[in-house]
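I have placed the structure first, in the form of structure tokens, so that the comments after it can refer back to it.
The values are calculated or read from the model by the stated rules, or taken from the named source; none is laboratory data. Computed from a predicted model, the values in this text were never measured in an experiment. Note: ideal-geometry Cβ built from the backbone for every residue, glycine included; neighbour counts use all protein chains shown. SASA here: full protein model, heavy atoms, side chains in, ligands and nucleic acids out. Shrake-Rupley method; radii C 1.70, N 1.55, O 1.52, S 1.80 Å.
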Amino acid sequence: MRTEAHRRDFSAHPTMATMPGEPIYITTPIYYVNDKPHIGHAYSTTVCDVYARFMRFAGCDVFFLTGTDEHGIKVEKSAKALDITPQELADENAKTFEDLMSQLGFTNDDFIRTTQPRHVKQVQELVKRLIDADAVYLGEFEGWYDEGQEEYYTETKAKDNNYNSPVNKAPLVRAKESNYYFRLSAFQQPLEQLFKDQPDFVRPQARRNEVLGRLREGLLDVPISRTNFSWGVPMPNDPEHIIYVWIDALMNYVTALGLADSDSDEFKARSKYWPATYHVIGKEILWFHAVIWPAVLIALKLPLPKCVYAHSFWIREGQKMSKTLGNFIDLPTMQHYIDTYSLDMWRYYMATQGPLGSTDADFSSHHFHEIYSSDLVNTLGNNASRVTAMINKYFDGKIPSENAMQIADHDWPAICNDVVNTSESAMKELDLSGSISLAIGLVRKIDAFINLTEPFKLAKDESKADELGAILYQCVEALRIASLLLWPVMPTKIEELWRALGISIEPNTGNLHELAAWGGLQLGGKVEKIALFPRLEAPAETQKTSSSA
Ligand code: MSP
């Protein structure tokens with residue numbers, strides 16, 4: 001038997017893994033506009049979105065940034081081939097990325113484009129500060145130059161090609177060029193110190209080890225300007241020179257907060273978000289984020305991000321995705337999955353099966369269908385339908401009383417409290433699948449509880465009405481609490497569930513902890529029967545795979 005006092009205990013003292021109002025800043029890479037959006041872009045952004053939604057719900061003050069990387073020789077060349085200006089090309093393609101954000105239900109707080117004046121102005125200011133700090137100098141470079149490709153080759157590559165262009169076979173020329181260099185070599189020691197002091201600066205661990213290995217080989221200064229193209233941000237002191245696109249791009253993380261423009265409204269409202277909590281990126285761009293970016297920040301005397309999180313890659317049906325194979329999961333393919341299985345299932349698959357660890361993840365239509373059926377149809381959907389149907393059948397759709405009863409040794413308030421706290425802690429660590437599987441695990445526990453207590457049998461015995469009510473109350477209340485933890489990944493379906501449970505919740509008010517306290521559902525509230533996830537036929541190729549297995 002449980003008393004009212006026992007119940008209040010849990011609501012009054014939730015263990016909090018996050019501080020209310022804590023500023024959190026999470027960023028995606030900014031995406032190249034000379035590419036069409038694909039699963040890679042969708043993935044990095046989904047990871048950030050699920051985290052951002054959860055942390056806002058948990059009461060944190062979150063800023064979530066994404067955007068597009070629009071400068072550079074590739075954009076200039078593609079635009080030329082299309083006979084349009086680079087800006088026109090950038091505008092057109094940036095729009096497809098912005099559309100992607102709303103299509104996939106992302107809640108980014110801003111979308112930065114590197115061609116925006118606010119960004120360009122601050123990049124120039126930041127580079128000026130680097131020059132003033134003597135972290136940037138004018139140096140000379142000599143090497144084998146391919147005039148057709150407008151590209152320098154290393155001695156090895158030039159030799160391998162008999163000192164001819166691998167593309168048009170014309171002889172390579174010995175060329176000299178003046179470039180501005182960033183004094184990366186001067187930051188060897190501070191970077192080694194950073195990796196020592198902040199063991200979680202790069203995650204996961206395997207990626208950190210790779211960076212450390214390369215760091216030990218020693219750092220060379222890096223050229224940060226070129227004169228062979230014009231589509232970019234000019235050096236503040238020497239406009240013939242265009243700032244290297246990677247320096248320009250990395251700076252988006254601070255220009256979006258107005259950090260180099262203290263008179264701007266952005267600075268006033270957003271400077272509190274720096275340093276970033278997480279820079280979420282793909283493993284192929286780790287060096288820029290884990291070595292060059294912190295060195296630039298040290299030179300600028302700005303605080304360093306807390307964590308650069310480099311995820312691995314999606315591969316498809318066991319094969320690497322590539323332009324040559326033409327097997328990229330592009331927008332139309334993503335749309336097909338969304339139309340068939342729902343946007344929430346797409347997000348669920350990304351978040352729970354994605355390559356957040358150090359190994360690549362395989363996207364297969366077979367596996368996608370299996371996860372849908374096991375986790376969403378047979379677990380969450382089935383449980384919601386079972387519980388709401390029984391409340392309708394036995395209690396006329398009205399939430400029954402818990403009757404202060406503890407059934408079959410299940411201390412539901414304690415169980416739920418523990419799941420909420422551990423799920424939140426996992427999310428805080430960016431362990432999306434860990435956090436979500438705890439919530440799904442709670443739903444499985446409710447199912448097991450139903451199987452154990454057999455309410456459908458008790459319903460036949462009128463003298464057991466109190467017990468039946470208590471069981472169903474505990475089921476629906478635990479389901480409500482699990483649903484709070486699942487909202488960040490499946491907002492649409494969970495809001496549908498909330499409507500069926502007769503509750504209205506506004507997650508942006510940051511009241512997760514209050515709502516997660518046991519006893520939120522009111523006696524007599526109206527519950528409707530709900531079917532959240534329809535059972536679907538396995539796709540044709542899945543049937544083939546399963547029958548041949
Ligand atoms: N513009 C740079 C990033 C600059 S950040 C200051 C860039 N852009 S990109 O358009 O190529 O986007 C790359 C991002 O897409 C990677 O960081 C990674 O997050 C994601 N992915 C690209 N292919 C991927 C997979 N196959 N799987 C998962 N994500 C991968 O690099």
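Tell me which of these L438 doesn't satisfy, since it passes every other one: (1) open to solvent by 20 Å² or more (accessible area, probe 1.4 Å); (2) under 24 Å from V377 (Cβ atoms); (3) over 30 Å from the mean Cα position of the chain (by Cα).
(3)
What pairs come out if I take residues in region 188-208 that are open to solvent by less than 50 Å² (accessible area, probe 1.4 Å) and pair them with residues that are part of a loop (DSSP other than H, G, I, E, B) and of a type in the set (F, W, Y) whose C-beta lies under 8 Å away, six or more apart or interchain?
L194/F201; F195/F201; R208/F201
Would you be able to say whether some residue in region 20-34 is open to solvent by less than 60 Å² (accessible area, probe 1.4 Å), away from the ligand (no atom under 16 Å from the Cβ), at pLDDT 95 or above and of a type outside the set (G, A, S)?
yes
Do we find a residue being under 30 Å from L515 (Cβ atoms), away from the ligand (no atom under 15 Å from the Cβ) and either polar (S, T, N, Q) or outside any helix (DSSP H, G or I) (or both) anywhere in region 79-94?
no
Taking the condition away from the ligand (no atom under 16 Å from the Cβ), of a type in the set (D, E, K, R) and in contact with a strand residue (DSSP E or B) (Cβ under 9 Å, 6 or more places away or on another chain), does R56 pass?
yes
Can you give me the number of residues within region 120-171 that are crowded, with 16+ Cβ neighbours inside 10 Å and touching a helix residue (DSSP H, G or I) at 6+ places or on another chain (Cβ under 6 Å)?
The total comes to 6.
Return yes or no: is G213 surrounded by 13 or more Cβ atoms within 10 Å (Cβ to Cβ), small (G, A, S) and either at pLDDT 95 or above or part of a helix (DSSP H, G or I) (or both)?
No, not satisfied.
Can you tell me which residue within region 237-267, out of those that are open to solvent by 40 Å² or more (accessible area, probe 1.4 Å) and part of a loop (DSSP other than H, G, I, E, B), is nearest to the ligand (Cβ to nearest atom)?
Y244
Could you list, in sequence order, all residues of region 481-520 that are part of a loop (DSSP other than H, G, I, E, B) and open to solvent by less than 10 Å² (accessible area, probe 1.4 Å)?
Scanning region 481-520 gives P488, V489, M490, L501.
Just the residues that are under 25 Å from A459 (Cβ atoms), aliphatic (A, V, I, L, M), part of a helix (DSSP H, G or I) and open to solvent by 20 Å² or more (accessible area, probe 1.4 Å), please, taken from region 391-426.
Of everything in region 391-426, just one residue is under 25 Å from A459 (Cβ atoms), aliphatic (A, V, I, L, M), part of a helix (DSSP H, G or I) and open to solvent by 20 Å² or more (accessible area, probe 1.4 Å), namely I415.
Give me the pairs: first residue in region 358-381 and within 16 Å of A448 (Cα to Cα), second residue open to solvent by less than 10 Å² (accessible area, probe 1.4 Å) and aromatic (F, W, Y), beta-carbon distance under 8 Å, and six or more apart or on different chains, which are they?
Cβ pairs passing all conditions: D375/Y348.
Find the residue count for region 59-71, including only residues that are open to solvent by less than 10 Å² (accessible area, probe 1.4 Å) and more than 18 Å from A276 (Cβ to Cβ).
Qualifying residue count for the region: 2.
Assuming T156 fulfils every condition listed in (1) in contact with a Ser or Thr (Cβ under 8 Å, 6 or more places away or on another chain); (2) outside any strand (DSSP E or B) apart from one, which condition is it?
Single failed check for T156: (1).
Among the residues of region 274-293, is there at least one that is touching a residue at least 60 places away in the same chain (Cβ under 8 Å), farther than 19 Å from D61 by Cα and of a type in the set (D, E, K, R)?
Yes: region 274-293 contains one or more residues that are touching a residue at least 60 places away in the same chain (Cβ under 8 Å), farther than 19 Å from D61 by Cα and of a type in the set (D, E, K, R).
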